[in-house]
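Note sheet for the following structure.
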Amino acid sequence: MTATLYKNAQVPSALLSIPVEGIAEPSTVCDIVVAEGRIIEIAEPCSVNRTDVTVVDLDQRIVFPGFLDAHVHIDKAFSWERAPNVRGEFWDAIELLGKDKDNWTAEDLYQRGTFALRCAEANGTVAIRTHVDTWIGGGEVSHAAMQTLREEWSGRIQLQTVSLAGIDQYMEPGGRRMAEFTMSYPDSLLGGMPQMNPDLDQQLDYFFDLAAEYGAAVDLHVDENGNPYAECLRKVAETVLRKEFPHPVTCGHVCSLAVQDPERALSTLQLVKEAGIQIISLPMCNLYLQGRPAESGRRGTPRWRGVTLLHEMIEAEIPFACASDNVRDAFYAWGDFDMFEVFTQSIRIAHLDTEMDAACRAVTASAADIMGLKNFGSIEVGADARLVAFDSRTFNELLSRPTQSRQLLGFNSAAGKSPDYSELGELKRV
């Protein structure tokens, strides 16, 4: 067995399985031994007594495990040139991408999806959960394209898929078919986007009964707005508790919590904790979308920036992750499937500099827990051995130079720098 010893790796303490005491920085230096794609030993510096290793000295550079991106939209990615959202409005994005779906052929989805995964791997990501637009009479081509990518990227990026539809659609004729073709693929979940309406309780009851029938975990887009009266998250928690739903439930966005009455918001978080719901925050996309002027042509400075109550979730011990969401499409004009950017921007947007352990876990270990992936996102014996080493030796350095280079350790030999945009070519239009 050929092994490699990474000496003097400085690892975020929250991601280590060995005890750490008396440190000022949220990291510690250790030696890591890997073989056959797994970590086989973690030890204090200079304490590994082996002769069968290739030694790589990381010189106390900060090292993360491979990143996990727990909420993206590969089917929409890199479509900006075809469907630019010049006002940056949420409902404009839905309309624009609804029209662009005519272009979502198997070839188009595969081309943009491959480009997306190459970007993600080049930036150090090892697992992704993508939501896939699904509608009555449509979406099957998209799910099939994701399955092709899942098979081709097996062993490089673990790909999970989630159906994304209006929650009410599952009750309509043809709604069951959406669940059928979603769950016909491995590593799939049922999802959707509930909206406040008089029939919401009935819609959620039907949806969770359907998910239970399929034995499916659930991942929902919830309250992605600045409306203090939007309480789909509370309704979801109440439904999970009432039905004693036995499978994992994840809710993304939950932006409206931040503009609700504080007591009401905290009581909702208590229900979320009781229901065991996991949260995914999308700070960059919601920074882009939320707080835009609603009236056409009116300009104005945003009064709030869309981030949810992450500090309160830390206090309540509610598991959460941060993720990319959309990349270069009508919902978010920028991005590169770069979880290091998500990490740095989440810290700045949500003031997570005071919660560095949680911030480190939000793009690694917590994301792995939410995705149900054991042996990912942490530095421990038996874990995936793909590591990302940065140039920095302190967290202040790490967060001050977001353009610094990174070294991928143990990744596929094809992983390299991000692909050139020219490789996308002229995206075809139907």
Hits among lysines - C-alpha to C-alpha of Lys76 under 18 Å, sequence gap 8 or more where chains match
Lys99, Lys101, Lys428
For Leu241, tell me the accessible area in Å² from a 1.4 Å probe, rounded to the nearest 10.
60 Å²
Excluding residues fewer than 8 positions from Lys235 in its own chain, the aspartates and glutamates with Cα under 12 Å of it are Asp199, Asp201, Asp205, Asp223
Surrounding net charge for Met1, when Lys and Arg each add one and Asp and Glu each subtract one, Cβ distance under 15 Å:
-1
If you take the square roots of the eigenvalues of the alpha-carbon gyration tensor of the stretch 282-430 and sort them as a ≥ b ≥ c, do you get rounded (a/c under 1.5), prolate (a/b over b/c) or oblate?
oblate
Using Cα atoms only, what is the angle between the long axis of helix 200-214 and the major principal axis of the chain, expressed in degrees (0 to 90) to the nearest 10?
50 degrees
Taking a quarter of the surface of the Cα convex hull of the stretch 227-290, what do you get in nm²?
4.3 nm²
Arrange the residues Val141, Val33 by how much accessible surface each exposes, largest first, with a 1.4 angstrom probe.
Val141, Val33
5 angstrom amide H check on Phe67, placed H, neighbours 5+ away:
Thr125, Val126
Out of the trypsin sites (Lys or Arg not before Pro) in the stretch 107-180, which ones are loop residues according to DSSP with at most 12 other C-beta atoms within 10 Å?
none
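Of the beta bridges DSSP finds with both residues in the stretch 12-140, what % are antiparallel, to the nearest 5?
65 percent
List the GluC sites (Glu not before Pro) in the stretch 59-103 that DSSP assigns to loop (not H, G, I, E or B) and whose Cβ has at most 14 other Cβ atoms within 10 Å. Which are they? Numbers along the way, then the final one.
Details: sites: Glu81, Glu89, Glu95; in loops: Glu81, Glu89.
Answer by residue number: Glu81.
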Sum of side-chain charges, Gln202 neighbourhood, beta-carbon under 12 Å (Lys, Arg +1; Asp, Glu -1):
-4
For the chain, dividing by residue count, accessible area per residue (probe 1.4 Å) in Å² works out to 42 Å²
How much of the DSSP beta bridge set in the chain is antiparallel, as a percent to the nearest 5?
40 percent
What is the magnitude of the charge dipole of the chain about its Cα centre, with +1 placed on the Cβ of each Lys and Arg, -1 on the Cβ of each Asp and Glu, and no other charges, expressed in debye to the nearest 20?
740 debye
At a 1.4 Å probe, what is the % contribution of carbon and sulfur to the accessible area of the chain?
47 percent
Using the Cα centre of the chain as origin and beta-carbon charges of +1 (Lys, Arg) and -1 (Asp, Glu), tell me which of Leu266, Gly191, Pro402 is placed farthest towards the positive end of the dipole.
Pro402
Please work out how much accessible surface Tyr185 shows to a 1.4 Å probe, ignoring ligands, DNA and RNA, in Å² rounded to 10.
60 Å²
Could you derive backbone 3J(HN,Hα) for the stretch 166-172 from the dihedral phi with the Karplus parameters 6.51, -1.76 and 1.60 (θ = phi - 60°), listing whole Hz in sequence and x where the residue is Gly or Pro?
x, 4, 6, 5, 5, 8, 7
Measuring from its Cα centre, the stretch 145-226 shows a charge dipole (+1 at each Lys and Arg Cβ, -1 at each Asp and Glu Cβ) which, in debye to the nearest 20, is 380 debye
Taking the chain as the reference, fit the longest principal axis to its C-alpha atoms, fit the long axis of helix 106-122 to the helix C-alpha atoms, and give the angle between the two in degrees, 0 to 90, nearest 10.
30 degrees
If a/c stays under 1.5 just call it rounded; otherwise compare a/b with b/c (prolate if a/b is bigger, oblate if not). Do that for the stretch 70-196, with a ≥ b ≥ c from the square roots of the Cα gyration tensor eigenvalues.
oblate
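Name the shape class, rounded, prolate or oblate, that the alpha-carbon gyration tensor gives for the stretch 369-430, where a ≥ b ≥ c are the square roots of its eigenvalues, rounded holds for a/c under 1.5, and otherwise prolate holds if a/b is larger than b/c and oblate otherwise.
It comes out oblate by the Cα gyration axes.
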Over the stretch 120-275, what number does the Rg to Rh ratio reach, with both radii from the alpha-carbon atoms and Rh per Kirkwood?
0.99
Dipole size in debye (nearest 20) for the stretch 231-275 around its Cα centre, Lys and Arg Cβ +1, Asp and Glu Cβ -1?
120 debye
What is the antiparallel percent of DSSP beta bridges lying wholly in the stretch 79-165, to the nearest 5?
10 percent
Round to the nearest 10 and give me the degree value, 0 to 90, for the angle of helix 140-152's Cα axis relative to the longest principal axis of the chain.
10 degrees
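The values are calculated or read from the model by the stated rules, or taken from the named source; none is laboratory data. Remember, it's a predicted structure, so these values are computed and weren't measured experimentally. Every residue, glycine among them, receives a Cβ derived from its backbone with ideal geometry; neighbour counts consider all protein chains shown. What goes into the accessible areas is simple: the full protein's heavy atoms, side chains included, and nothing from ligands, DNA or RNA. Shrake-Rupley method; radii C 1.70, N 1.55, O 1.52, S 1.80 Å.
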